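The values are calculated or read from the model by the stated rules, or taken from the named source; none is laboratory data. Keep in mind it's a predicted model, so treat the numbers as computed, not measured. In this analysis, Cβ positions are derived from the backbone assuming ideal geometry, glycine residues included, and neighbour counts consider all displayed protein chains.
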There are 2 protein chains.
Amino acid sequence: MKTIILKFGGTSVGTIDRIKKISQIICSYKRQNNKIIVISSAMSGVTNDLIKKSKLISKNFDKAEYDVLLSSGEQVACALIAARLSHLGYKARSWMSWQVPIVSDGPHTSSKIIRIYTKDILNYIKLGGIPIITGFQGLNSEFRITTLGRGGSDASAIMLAKFLKADECIIYTDVDGVYTTDPKLHRKAKKIKYIQYDEMLEMASLGSKVMQPASVQDAKLNKIDIRVQSSFLNRPGTLIAKKQKRNFNSQIITGISTTRNDAKITIVGVKDKPGVAASIFEPLSKNLINVDMVVQNISLDGRKTDLTFTVKAEDVKKTQKLIKENKNISFKKMSFAKDLAKISIIGVGMITTPGITYRMFKALALKKINIMVISTSEIKISVLVSAKHIKKAIAALHKEFRLD
Amino acid sequence: MKTIILKFGGTSVGTIDRIKKISQIICSYKRQNNKIIVISSAMSGVTNDLIKKSKLISKNFDKAEYDVLLSSGEQVACALIAARLSHLGYKARSWMSWQVPIVSDGPHTSSKIIRIYTKDILNYIKLGGIPIITGFQGLNSEFRITTLGRGGSDASAIMLAKFLKADECIIYTDVDGVYTTDPKLHRKAKKIKYIQYDEMLEMASLGSKVMQPASVQDAKLNKIDIRVQSSFLNRPGTLIAKKQKRNFNSQIITGISTTRNDAKITIVGVKDKPGVAASIFEPLSKNLINVDMVVQNISLDGRKTDLTFTVKAEDVKKTQKLIKENKNISFKKMSFAKDLAKISIIGVGMITTPGITYRMFKALALKKINIMVISTSEIKISVLVSAKHIKKAIAALHKEFRLD
């Protein structure tokens, strides 16, 4: 008898028909004699309607009330699921976060779950019931409803898996798993059966929209196996696992991820002294401009250097203005280039396999794709290329690393 | 500095524009240096949508989950009102029933408020805040959400007025007060400025749809002044008060109320012995058939009697069947008449004024309206007439008792 967390996202419960469909999925797990705990997001349409209402009330809608408003959405979804399961003859009931309680901390609209009290839920499961719990929300120390921010329902599922010591956590969503690369950019993209947490983290933060990095991080810290699966298609999904279940003959590279709308800024002739990079980036950080790749040339004479870094295209103007106004630095000139894209190859295999960087660069060179900036981590190599080459670059790398 | 409860019904918060409008009303009370507590129903459209969803999920929707589902509606309304008040520069926050808590007892979908903890709310008011509290709902001893049934938000307002010892309770609704009779049936109907609890109770249970009798009863028991007012029109409403503020020259009769779809059943030749009426009505009561007016003829020989009573037209068939199947009674024959209506005159003034019954009967007789059944209480006289005479009867009585 396994304890399984089933989490359903907003589109998976987006209509009454979808709720009927996922109720069938829940029943099928229950019939296999598992202990089932369901976490649900709000119906996607309901959430959109609530957000629309909030905007009509105020452009500066009170954040605490925004949490009250939005959290009503999961309440509706959970009541409907529980009632549908009852209708089908199963023992089920809804639990709001404050009833569990799921204790949260931190600011409204982006709080974190710090504790879940499981006693009542475990008792109910013991009696054969299926608890249906609201995702995305918590109760803070002031006894107010909070929400967890983007991807928050995944976080709810993973934290429940942790506190309930669940065997498995299945995330039902509108995609059927994690792919080797974006299928829209490369038709040979393949679904990944197993992926390690760290790989998934790199995939996620580089643009794969399956799960928020914070939730993957939580799963990693708590060693919880996550299966990402489609509630629309009856197909095996992707397992994000604590142990690598991949066999030895398989790929060194797990996936290829890309970002768009990157821009590159180069500052020429910066005085090379300790703390100069910090002086440049401090005002950018304060203005919420996200600096991604950074390359500093070696200064041959020990006095001047060139600095190149990437930001999102929409931030270029503001970035240049902040640098010009910065009295703590001096430089000769500044240039920028837009319409760039970052392409990254990700895989824990590269730790133990030499020559991956060379193979990547060579594959791109053969296609005459110029690399502008390079950045590496232990399990990832990213390069900045012209956006017009992105599809060609993916195809070349997908083939080179045998992902086709 | 007065403590004022402001309650807004579903149509009063039915759209975003309505919420903006009633927020202005709330602010105007606050500016007059009052302590304000707001109770809100769900937006009428939201409630309708939730009910529709429930029907699509199951025709036998779980009652506890129905309460979870519907109570999300007040949550939405209160968050929007609180955020709107914040937007306008006022200190305001929402309170769900479970946060107050408002403690309820009794079955799901028709529970009763038994206790309200006011400490947090009073502290918040002391700090200059406006609490916005969900009507229609409570938290039961099992820590589950309940709803209060029809007119439940009025009950919430009145119980809050009781536990907060409020000076006034204003019910904002889509009608602008209580009228001497239904304006749709008589164009000379006038708004009543003051009405006593008992008169209102008779008006309410006889078809006036302004407030549920249970809420009026609660107000009476707790001596809470209620002002019924329109949130759509800026006009004085009706005060339902503990003290009669009417001056001595005014009407003896406060209002005229009517019901429709009444039917009359007569049982001829019933054995006249103690308990025979109970034997007849017991199976009707068990089958949820509501018997209204009852008349028993005097039995001249002390052995047989005739019994006439009224039920709703739709219950006639079932009533006749139950009487025929009843083995505890015997009778000679049974007849019925449909298309009847009950018309009642109500007023505490009749207690001290003789001759009201005579004036009523004479006014109807002059218009050639036949009276079929009569029933009286201390402050009410009801007569059963043919439904086709209803408008004519109202006009005659409205004039006779100087309500025009």
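For this structure, a couple of remarks:
- B:I19 fulfils the conditions (1) within 9 Å of another protein chain (Cβ to nearest Cβ); (2) touching a Ser or Thr at 6+ places or on another chain (Cβ under 6 Å) except for a single criterion, (2).
- From the list A:A395, A:A337, A:A313, the lone residue that is touching a His at 6+ places or on another chain (Cβ under 7 Å) and in contact (Cβ under 8 Å) with a residue 24 or more places away in the chain is A:A395.
- Being at pLDDT 85 or above, β-branched (V, I, T) and assigned to a strand (DSSP E or B) holds for only one residue in A:I289, A:I280, A:I267, and it is A:I267.
- Looking across region B:128-143, the residues that are within 14 Å of chain A (Cβ to nearest Cβ) and either of a type in the set (D, E, K, R) or more than 23 Å from the chain's Cα centre (by Cα) (or both) come down to B:G129, B:I130, B:P131, B:I132, B:L139, B:N140, B:S141, B:E142, B:F143.
Conditions tested, residue by residue: (1) away from chain A (no Cβ under 12 Å); (2) in contact with a His (Cβ under 8 Å, 6 or more places away or on another chain); (3) surrounded by 18 or more Cβ atoms within 10 Å (Cβ to Cβ).
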| residue | (1), (2), (3) |
| --- | --- |
| B:G45 | no, no, no |
| B:I57 | no, yes, yes |
| B:F61 | no, yes, yes |
| B:L69 | no, no, yes |
| B:K91 | no, no, no |
| B:W95 | no, no, yes |
| B:T109 | yes, no, no |
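- Single condition B:K7 does not satisfy, out of (1) charged (D, E, K, R); (2) buried (at least 24 other Cβ atoms within 10 Å of the Cβ); (3) without any contact (Cβ under 8 Å) to a residue 40 or more places away in the chain: (3)
- Selection from region A:201-234 of residues that are within 19 Å of A:G149 (Cβ to Cβ), in a helix (DSSP H, G or I) and not charged (D, E, K, R): A:L201, A:A204, A:S205, A:P213, A:A214, A:S215, A:V216, A:Q217, A:A219, A:L221
Here is a yes/no grid of residues against (1) more than 14 Å from A:S230 (Cα to Cα); (2) of a type in the set (S, T, Y):
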site: A:A166; (1), (2): yes, no
site: A:Y172; (1), (2): no, yes
site: A:V175; (1), (2): no, no
site: A:Y179; (1), (2): no, yes
site: A:K184; (1), (2): yes, no
site: A:K188; (1), (2): yes, no
site: A:Y194; (1), (2): yes, yes
site: A:Y197; (1), (2): yes, yes
site: A:A204; (1), (2): yes, no
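- Candidates A:S54, A:S23 - the one that is of a type in the set (S, T, N, Q), over 17 Å from B:S54 (Cβ atoms) and touching a residue at least 12 places away in the same chain (Cβ under 8 Å): A:S54
Each row is one residue, and each column tells you yes or no for (1) touching a Leu at 6+ places or on another chain (Cβ under 8 Å); (2) more than 26 Å from B:M203 (Cα to Cα); (3) touching a residue at least 40 places away in the same chain (Cβ under 8 Å).
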| position | (1), (2), (3) |
| --- | --- |
| B:I289 | yes, no, no |
| B:T319 | yes, yes, yes |
| B:L322 | yes, yes, no |
| B:V348 | no, no, yes |
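- Consider region A:144-180 and keep the residues that are within 14 Å of another protein chain (Cβ to nearest Cβ) and assigned to a strand (DSSP E or B). The one that is farthest from A:S257 (Cα to Cα) is A:I145.
- Checking each residue in region A:171-206 for being of a type in the set (G, A, S) and over 8 Å from the mean Cα position of the chain (by Cα) picks out A:G177, A:A189.
- Any hit, region B:22-39, residues being in contact with a Gly (Cβ under 7 Å, 6 or more places away or on another chain) and away from every other protein chain (no Cβ under 12 Å): yes
- Top-ranked residue in region A:79-88 [being more than 7 Å from chain B (Cβ to nearest Cβ) and surrounded by 22 or more Cβ atoms within 10 Å (Cβ to Cβ); ranked as nearest to the chain's Cα centre (by Cα)]: A:I81
- Only one of A:I102, A:I132 that is of a type in the set (A, V, I, L, M), closer than 25 Å to B:E142 by Cα and in contact with a Gly (Cβ under 6 Å, 6 or more places away or on another chain): A:I102
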